[in-house]
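Right, one structure below, let's go through it.
The values are calculated or read from the model by the stated rules, or taken from the named source; none is laboratory data. From a predicted model like this one, the values you see are computed outputs, not experimental measurements. Because the Cβ atoms are built from the backbone with ideal geometry, glycine has one as well, and the counts that use them run over all protein chains shown. For accessibility, only protein heavy atoms count, side chains too; no ligands or nucleic acids. Shrake-Rupley method; radii C 1.70, N 1.55, O 1.52, S 1.80 Å.
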Amino acid sequence: MRVLVTPDYRTLSQTSAELVIKAVRAKPDLTIGLPTGRTPIGMYEDLVKRYRKEHLDFSLLQTFNLDEYIGLPQHHPKSYRTYMRRHFFDHVNVLPANIHIPDGSDPQQYERAIQSAGGIDLLIVGIGANAHIAFNEPGSSFDSRTRIVALAPETIHNAQQHFGNEPVPIKAVTMGIGTILEARRIVLLASGAEKSDAVERALRGPVSESIPASALQRHANMIVILDEAAKL
Ligand code: PGA
């Protein structure tokens, strides 16, 4: 596991975007696992900027999002599908047919689609303050596959700020930890002091299903990109 500590969020975003661009240049038909949330917004911004400036081509890219809320219409402003359009897909030439976002209707089909695409080459993932990865909450099996899960109370609580007066969905569909671990390369992003404890437990603590991100210690090709604040 390589740990890169960047001075600030901006550098974290640039470093992760650079890593994605290098991977796409090396393999234009890359299959990539993509996260949502606050942390990767800067990475997507940088990717879009560089796409325009450097005339990058994402037309052969296959994308698989890590997770999605259950119970929100696709076009809901807080759905991850909408997030991905707003921050990335609307601004680059990823083909709609190559975009995959789970919707919970057939989780096994999502797994088969990943397999048909040749498996995930590069997967970017954030970490929750409770050390969840994607929506694999504490207690998730390290063998878990794409499935519908109940969100942890703290996850719902943290999401409430984004939903205003609307209720936060209580369920989601998520790639499993087993699915995530099969990616050939994993990049974990963490920014801000509120993540430092989770990062510490994930990287240095015992490998335990009560700390979902600790499963990543078992991955042979893993890069962690932190900003100073996320480092304990
Ligand atoms: P955040 O979410 O980037 O919004 O902090 C990360 C996560 O919960 O996985």
Practice task
Scan the stretch 103-115 and report the pairs whose first residue is under 13 Å from residue 67 (Cα atoms) and whose second residue is in a helix (DSSP H, G or I) and among the β-branched types (Val, Ile, Thr), with Cβ atoms within less than 7 Å and a gap of 6+ or a chain change.
Solution key: 111/179
Handout entry: So residue 47, is it out of contact with any Lys or Arg (no Cβ under 9 Å at 6 or more places or on another chain), hydrophobic (A, V, I, L, M, F, W, C) and modelled with pLDDT of 95 or more
Key = yes
Practice task
Could you check how many residues of the stretch 153-163 are touching a residue at least 12 places away in the same chain (Cβ under 8 Å) and open to solvent by less than 50 Å² (accessible area, probe 1.4 Å)?
Solution key: 3
Fill in the blank from the handout: If we keep only residues of the stretch 164-207 that are out of contact with any Ser or Thr (no Cβ under 6 Å at 6 or more places or on another chain), in a loop (DSSP other than H, G, I, E, B) and farther than 21 Å from residue 143 by Cβ, then the residue most open to solvent (accessible area, probe 1.4 Å) is 165
Exercise for the section: Might you let me know whether the stretch 11-30 holds any residue that is closer than 22 Å to residue 183 by Cα, among the acidic types (Asp, Glu), open to solvent by less than 70 Å² (accessible area, probe 1.4 Å) and assigned to a helix (DSSP H, G or I)? Expected result: yes
Practice task
Return the residue satisfying two criteria in turn: it lies in the stretch 72-126 and is part of a loop (DSSP other than H, G, I, E, B) and aliphatic (A, V, I, L, M), and of such residues it is farthest from the ligand (Cβ to nearest atom).
Solution key: 95
Practice task
Determine, yes or no, whether residue 45 is open to solvent by 50 Å² or more (accessible area, probe 1.4 Å), touching a residue at least 40 places away in the same chain (Cβ under 8 Å) and either out of contact with any Leu (no Cβ under 6 Å at 6 or more places or on another chain) or within 16 Å of the ligand (Cβ to nearest atom) (or both).
Solution key: yes
Practice task
Look at the stretch 169-196 and say how many of its residues are within 13 Å of the ligand (Cβ to nearest atom) and over 17 Å from the mean Cα position of the chain (by Cα).
Solution key: 3
